[in-house]
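The values are calculated or read from the model by the stated rules, or taken from the named source; none is laboratory data. Worth saying up front: this structure is predicted, and the values here are computed from it rather than measured. Note: ideal-geometry Cβ built from the backbone for every residue, glycine included; neighbour counts use all protein chains shown. These accessible areas exclude ligands, DNA and RNA; they are computed on the full protein's heavy atoms, side chains included. Shrake-Rupley method; radii C 1.70, N 1.55, O 1.52, S 1.80 Å.
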Amino acid sequence: AANGVSLAVPLVTSSAFPDDGTGELLSVYGIDITNDSAVRMYHQDGGSIVPDTLEFISQKDSVIVGREMAVRKGWSIGSKIRLVTPNGVQWFTVRGLLEAEGLAATLRGRLIVMDLQAAEVAFTSPGQINQIDLIVSPGKEDQAAQAVTAALPPGLRVERPSAQKEAMRSGMASMQTMLSAMGWLAIVAGFLMCYSRLGAVYEARSWEAGLLRSIGMRRS
């Protein structure tokens, strides 16, 4: 109902890990699979992303995974997979594969898509979402942001995708700086350890150097 907003899509967004010891981070998106307008926001060809939508939403363990990741993991449609979620280790069934486009391409297939209600149960709680994506009419971005902000309760905020990218870029830059500093500290520590070790070796063999000098060996 906010002025300038043409579509609002509720989402559950979270993270998960395959329970195989690899530590590979997967991005989870819970979306209303039956809402064609919402699906088209993330699926470019606009077609169904599962062979049987009714079967998919009726089974709460249904997931769609990126084809690239499925090939790496040896998953196929019908595979049972274990994922480490915020609510513990849970079993899911692969019922669809996403081609390498949009988010799936950006994340190199490390994407899990679920029906919205199933994602609420698995990653938040029934009836609870944690993100709403908006499509705004061209030229009405600021007007829509003000209208949405006024409609939201305290504690929620409106962000443009560009702001999220900048925050991610800033966080990555800080992480890179920290890793570089740790790398230099490791180099310095390694140099000191090697220098101390070599010093101890030479000191332990100083008697041998003195003996060789006493029988006429040159310093060089």
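So, in the stretch 209-220, how many residues would count as being more than 60 Å from the chain's Cα centre (by Cα) and surrounded by 10 or more Cβ atoms within 10 Å (Cβ to Cβ)? Selection size over the stretch 209-220: 4.
Pairs linking a residue in the stretch 7-35 that is under 18 Å from G66 (Cα atoms) and among the polar types (S, T, N, Q) to a residue that is open to solvent by less than 50 Å² (accessible area, probe 1.4 Å) and part of a loop (DSSP other than H, G, I, E, B), with Cβ atoms under 6 Å and 6 or more positions apart or on different chains, are S27/L107. What residue, among those in the stretch 53-70 that are in contact (Cβ under 8 Å) with a residue 12 or more places away in the chain and open to solvent by 50 Å² or more (accessible area, probe 1.4 Å), is farthest from F92 (Cα to Cα)? Filtering the stretch 53-70 for residues that are in contact (Cβ under 8 Å) with a residue 12 or more places away in the chain and open to solvent by 50 Å² or more (accessible area, probe 1.4 Å), the one farthest from F92 (Cα to Cα) comes out as E68.
Candidates in the stretch 1-30 are the residues that are β-branched (V, I, T) and closer than 24 Å to S137 by Cβ; of these, the one that is most open to solvent (accessible area, probe 1.4 Å) is V5. Does S137 count as of a type in the set (G, A, S), open to solvent by 20 Å² or more (accessible area, probe 1.4 Å), closer than 27 Å to E24 by Cα and in contact with a strand residue (DSSP E or B) (Cβ under 6 Å, 6 or more places away or on another chain)? No: the conditions fail for S137. The condition (being assigned to a helix (DSSP H, G or I), open to solvent by less than 60 Å² (accessible area, probe 1.4 Å) and free of Cβ contacts under 8 Å to residues at least 40 places away in the same chain) is satisfied by just one residue among S196, S180: S180.
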